[in-house]
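Report on the structure given below.
The values are calculated or read from the model by the stated rules, or taken from the named source; none is laboratory data. Owing to the predicted nature of the structure, the values given are computational and were not obtained by experimental measurement. Methodologically, a virtual Cβ is constructed for each residue, glycine included, from the backbone with ideal geometry; neighbour enumeration extends over all protein chains shown. We work out accessible area using only protein heavy atoms, side chains counted, and drop any ligands, DNA or RNA first. Shrake-Rupley method; radii C 1.70, N 1.55, O 1.52, S 1.80 Å.
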Amino acid sequence: MFRRKKARHDDELGEGNAAGDAQQAEEVPEPEPGADLRARGPWDASEVSIPEDDQTRIDLGSLLIAPHEGLELQLQVDEASGEVAAVILAAEQGAAEVRAFAAPRNGDIWDEVRRGVAAEVAQMGGTATEVEGPFGTELLVSLVVDLPDGQPAQQVSKVVGIPGPRWLLRATLFGRPAVEHDDDGDIETALRDVVVVRGGTPIPPGDALPLTMPPNAQPTEPEIS
């Protein structure tokens with residue numbers, strides 16, 4: 001659905017031109033955070049072009065979500081403020097809770113965020129183990145939760161942090177995607193198709209990028225097991 005924009009190359013400098021080579025070296029931009037990890041997405045808004053015949057994407061402010069067959073989009077809304085707190089991508093075999101956060105221009109906040117998530121899990125009596133996955137270092141989380149019938153159950157989830165230019169996309173995976181990665185799975189595909197719209201508004205690193213409710217949307221309270 002989304003197409004990467006082609007990089008622009010400057011071929012005006014001739015070979016053997018030492019001054020030109022030095023100038024060219026100085027002008028080479030630093031690699032964007034997480035560029036290799038995002039070779040197939042998620043995307044930054046500056047990296048995609050949207051053809052006129054494309055399907056309509058759901059505009060949630062800082063996130064653009066591509067519709068997929070069998071994928072249900074749910075919004076978690078803060079009852080006190082009425083603001084959208086997180087986006088849930090739900091499918092038959094699992095779900096992903098996604099949210100984007102501001103990051104420094106040339107920095108990655110995932111290490112710090114990961115430590116914070118692990119500390120929160122420990123306070124709740126759970127465990128958070130670092131594992132290596134498709135998006136680098138991830139957290140495998142195990143918590144005891146109460147089922148609707150009041151019985152306790154072990155809930156396993158996986159938290160991934162995907163850095164982009166001036167943003168971090170955090171996704172918490174539930175169900176099959178939390179324990180078994182499928183590169184062509186419904187949740188994995190939907191996650192790679194997410195587009196982050198950072199915008200130019202100054203936002204302190206670590207703060208959540210604002211989400212908006214699309215017209216005629218109904219907030220839901222998803223039950224994830």
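Looking at the range 160-209 only, could you name the residues that are of a type in the set (A, V, I, L, M), in a helix (DSSP H, G or I) and either surrounded by fewer than 18 Cβ atoms within 10 Å (Cβ to Cβ) or under 11 Å from the mean Cα position of the chain (by Cα) (or both)?
Correct list: Val179, Ala190, Leu191.
Is it fair to say Val117 is surrounded by 13 or more Cβ atoms within 10 Å (Cβ to Cβ), among the β-branched types (Val, Ile, Thr), assigned to a strand (DSSP E or B) and within 16 Å of the chain's Cα centre (by Cα)?
So Val117 does not fit the description; no.
Find all pairs meeting these conditions: Cβ atoms under 8 angstrom apart; at least six residues apart or on different chains; first residue within the range 168-183 and more than 15 Å from Gly41 (Cβ to Cβ) and free of Cβ contacts under 8 Å to residues at least 60 places away in the same chain; second residue part of a strand (DSSP E or B) and among the basic types (Lys, Arg).
Val179/Lys158
From the list Ala66, Ala45, Ala80, Ala95, pick out the single residue that is among the aliphatic types (A, V, I, L, M), under 14 Å from the mean Cα position of the chain (by Cα), modelled with pLDDT of 50 or more and over 20 Å from Pro163 (Cα atoms).
On inspection, the qualifying residue turns out to be Ala95.
Can you tell me how many residues in the range 105-114 are touching a residue at least 60 places away in the same chain (Cβ under 8 Å) and open to solvent by 30 Å² or more (accessible area, probe 1.4 Å)?
5
Among the residues of the range 120-147, how many are open to solvent by 50 Å² or more (accessible area, probe 1.4 Å) and part of a helix (DSSP H, G or I)? Let's see the steps before the verdict.
Start the filter on the range 120-147 by keeping residues that are open to solvent by 50 Å² or more (accessible area, probe 1.4 Å), which leaves 120, 122-125, 127, 129-130, 132, 134, 140, 144, 146-147.
Still in the list and also part of a helix (DSSP H, G or I): 120, 122-123.
Adding up the residues that qualify gives 3.
Which ones in the range 148-159 are open to solvent by 40 Å² or more (accessible area, probe 1.4 Å) and under 19 Å from Gly116 (Cα atoms)?
Passing the criteria: only Val156.
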